[in-house]
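Below is one structure, written out as structure tokens, with a few remarks after it.
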Amino acid sequence: MNDALDVTLRLLIVFVVFLTFPLIIGQTEHKVMAHMQGRLGPMYAGGFHGWAQLVADGVKFAQKEDVVPAGADRRIFQLAPAVALLPYLLVLLAIPIGPGEGAVGEVIDAGIFFVLAVMGVGVLGSLMAGWASANKFSLLGGLRTAAQLLAYELPMLLAAASVAMAAGTVSLPGILDAFEWWWLPWQIVGAIVFFVAGLAELQRPPFDMPVADSEIIFGAYTEYTGLRFALFLLAEYAGIVVLCGLTTVLFLGGWHGPLGADGLGWVWTLLKTAVLAFIVIWLRVTYPRLREDQLQKLSWTLLVPLSLAQIALTGVVKVVIQ
Amino acid sequence: MTLAATAGLLAAGPAPVAATETHGFLSPTGVEIAFLLVGLVTFGAALVTVTTRQLVHAALWLVVTLGGLAVEYLLLTAEFIAWVQVLIYVGSVVVLLLFGLMLTRAPIGRSPDADSGNRWAALAVAVAAAGTLIWVVVDAFRTTWIDLDGPAAGSTKATGESLFQNWVLPFEALSVLLLAALVGAIVLSRKAKAESDSPSVNSRPVTGSSPSVPDSRNHPIGRNGSAEGTEPSEQEGAR
């Protein structure tokens with residue numbers, strides 16, 4: 001009975017986080033982007049600085065008609081948003097936000113492999129959407145999504161492997177237990193590679209070639225309306241939460257902080273995640289979209305060599321300090 | 001690789017039957033029942049993968065098959081292998097497959113040329129391969145049982161230790177094989193690029209951008225246009 005209650009409670013908390021954090025990041029994006037561009041952003045919904053704008057958006061999406069194009073492959077078209085969204089829910093289960101076993105949804109022995117594997121599955125949703133829409137812009141978006149995933153999966157894995165080597169374990173809580181402050185400068189190259197590759201995998205600007213709205217409308221999501229479209233948007237923001245949380249855990253020390261590491265560890269995790277999410281939004285406002293060939297070039301000629309160099313450095317330091 | 005994978009998938013279905021029959025036959029545990037059910041689902045998905053006439057559906061059923069296999073690994077406590085299976089096969093190999101399909105031909109609805117005259121020969125080969133694998137697995141592991149209450153037999157630590165202590169030589173041989181494939185891929189792609197470079201320099205004035213840009217961009221659009229063009233007639237034929 002106690003076990004069942006414990007599991008239910010954990011699942012419930014993860015689910016609530018999954019439903020609220022992406023919305024908070026979405027609202028922050030509205031306001032931060034607006035102020036960076038000299039606008040006010042949403043001001044009316046909910047009264048105080050438009051805090052309820054995304055709730056209103058959700059209601060609007062729910063009211064819209066759910067259209068499936070006549071030429072589309074119905075079942076796959078309808079299944080795609082779920083395939084895109086659910087993996088992020090599963091990944092959230094494995095991210096520890098504080099010390100000890102109480103602060104993680106589920107301790108997984110091969111945690112790094114679990115999160116990277118399941119995140120990769122999410123891209124299948126975009127591919128299914130791009131193909132099943134029977135729309136040439138969607139198909140182009142799907143192709144670009146696949147090409148981007150294939151290019152950026154490798155540096156992301158290599159950067160994560162570097163941390164695993166440093167910690168001597170592939171479990172996420174294990175990595176945090178082994179963390180020392182000087183890992184920060186030691187693994188900084190890997191951290192940047194991981195974060196950039198993760199951004200590219202989420203198709204966030206400046207890596208949003210697959211959904212480039214000024215040339216292929218909205219890529220794989222062109223034909224989607226109503227709730228299913230909202231699910232894809234939610235997947236993008238859930239992806240930001242997951243990526244920032246993972247970068248925090250792997251490279252920034254998670255719940256470690258200058259003070260109060262015992263009781264307030266989770267505050268540090270959330271703070272670091274929030275700062276990273278702010279950087280994600282900042283990058284979107286700052287940089288223009290990379291062209292398809294520039295995207296590929298960045299990955300294969302810069303990120304992959306950098307991550308390999310990071311692995312070499314990790315190996316050398318690891319041998320020297322033993 | 002595909003053949004071996006398919007044979008492996010085919011073997012995954014019937015194998016648990018033999019396992020449950022020899023042990024816990026009268027009172028199977030929950031894990032054994034789950035293993036059997038997942039095995040049946042995996043087997044069914046594998047069958048659909050090779051028999052469906054819609055190409056992209058076949059690739060997506062392959063996702064179910066490979067995912068089911070990963071669940072089987074999990075139930076056998078081989079957690080590390082399970083996640084690597086998801087990472088490599090579901091996350092990369094199937095994406096590559098879908099990419100290739102979408103880049104060349106992936107009509108919505110049935111593909112008229114998805115059927116082959118070799119289906120009986122393929123069935124014979126598949127059954128023979130599955131029979132061999134089942135026989136080998138059953139013969140090798142007949143009396144081996146995993147203690148679910150003890151330390152996980154397939155944890156990352158256990159897998160790593162056995163890989164790098166008992167199986168270093170095959171591991172290194174595989175590494176060399178993969179390295180050779182990698183070098184081969186680079187050599188092939190460089191040769192193709194050198195050949196395609198010379199006409200494009202003649203036909204186009206130098207614009208300052210890299211020559212690979214127009215190639216990689218025009219290609220999918222042109223192919224896509226022709227694929228779209230053939231779609232309606234095929235769909236009308238199907239309905």
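Quick note: the coordinates plus some simple rules give every number you see, no bench work behind them. Bear in mind that the values here come from a model prediction, so they are computed numbers and not experimental data.
Quick check on region A:2-321: take the gyration tensor over C-alpha atoms, sort the square-rooted eigenvalues as a ≥ b ≥ c, and tell me if it's rounded (a/c under 1.5), prolate or oblate. Taking the square roots of the gyration eigenvalues as a ≥ b ≥ c, region A:2-321 is prolate. Straight Cα distances below 29 angstrom link A:K31 to the lysines A:K60, A:K64, A:K272, with same-chain residues fewer than 8 positions distant left out.
Comparing A:P155, A:P42, A:P205 in a Gaussian network model of chain A (Cα springs below 10 Å), the most mobile by mean-square fluctuation is A:P42. Partner lysines whose Cα lies under 22 Å from the Cα of B:K157, excluding those fewer than 8 positions away in the same chain, are identified as A:K318. Once backbone amide H atoms are built at 1.01 Å from N, B:A78 has no partners under 5 Å, excluding neighbours fewer than 5 places away on the same chain. Return the lysines within reach of B:K191: Cα separation strictly under 24 angstrom, same-chain partners fewer than 8 residues apart disregarded; answer none if there are no such residues. Reachable lysines: A:K297. Summed over qualifying helices (DSSP H, 4 residues or more, each -39500 (n - 2.57)) and divided by its residue number, chain A shows a 222 nm mean residue ellipticity of -23500 deg cm²/dmol.
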